[in-house]
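Let me begin by presenting the structure, written as structure tokens, before commenting on it.
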Amino acid sequence: MMNRILPAMAFVTGLAACGGPELRYAVPQVVPTEKVAIAFGSVELREITLPTYAALEEIYVETPEGVITPADDLLWADDPVRAATLELARALRLSTGARVASEPWPFDDFAEARVEVRVEEFLADAQGRFRVAGQYFVATRDALGRDRAETFEIAVPIAQGSGASGLAAARAAAMTELAGIIARTGLR
């Protein structure tokens, strides 16, 4: 086990020690492989809330000592809150086939369900994973009592030696996994 942790810690430490000009990394689009039938034809996704460090444009990593620090000169290509909200809306739409849009709801009729996501962790950890954890809430317009409040914890390995682009790919995979969790446990 220790043999796996040491290279991961070196990876994260190496990201934090990068120097030079600022580099911006876009999060790649991931197409969900799982299709989930849900109980709603339309879903509004409220703007995701991120921890203070994750809402900034700097890419944050966890050091082996547990310190959350920005990786020198590495930035997200888009505003993290906006990008994470759009990533999740896209993944929910592709995995469910429902009409999904982020707020403000762009259609004349109201959405049948509204999802709110509050993230507590959103970073590359010292074990070489991109970790997303928090809570999500589903509010419905019907009287069937399908409102939900659930927690989630996702950790996606960052491909060894892939640098910041691998970190961005792991983030995309984590958000796609979150969409599947919300569809399966909150929108059925």
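The values are calculated or read from the model by the stated rules, or taken from the named source; none is laboratory data. Not measured: the values here are computed from a predicted model. A quick note on method: Cβ atoms are made from the backbone with ideal geometry, for glycine too, and the neighbour counts reach across all protein chains shown. In case anyone asks, the SASA skips ligands and DNA or RNA and just uses the protein heavy atoms, side chains included. Shrake-Rupley method; radii C 1.70, N 1.55, O 1.52, S 1.80 Å.
Overview of values
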{"item": "Selected from GLY66, GLY134, GLY166 as most flexible by GNM, with the chain as the system and alpha-carbon contacts under 10 Å", "result": "GLY66"}
{"item": "Rg [Å, one decimal], Dmax [Å, integer] - the range 73-183, C-alpha atoms", "result": "15.2, 51"}
{"item": "In degrees, nearest ten, helix 163-186 long axis to first principal axis of the chain (Cα)", "result": "30 degrees"}
{"item": "Degrees between helix 80-96 axis and first principal axis of the chain (Cα, 0 to 90, nearest 10)", "result": "50 degrees"}
{"item": "Electrostatic dipole magnitude of the chain [Cβ: Lys, Arg +1; Asp, Glu -1; Cα centre; debye, to 20]", "result": "700 debye"}
{"item": "Shape call, the chain: gyration tensor on alpha carbons, a/c limit 1.5", "result": "prolate"}
{"item": "Distant-in-sequence amide H partners of ALA77 (H built 1.01 Å from N, under 5 Å)", "result": "TYR25, ALA26, VAL27"}
{"item": "Heavy atoms of PHE110 accessible to a 1.4 Å probe, total area in Å² rounded to 10", "result": "150 Å²"}
{"item": "Solvent exposure of the range 47-86 as accessible area per residue, Å², 1.4 Å probe", "result": "45 Å²"}
{"item": "Square roots of five times the Cα gyration tensor eigenvalues for the range 49-137, Å", "result": "29, 13, 11"}
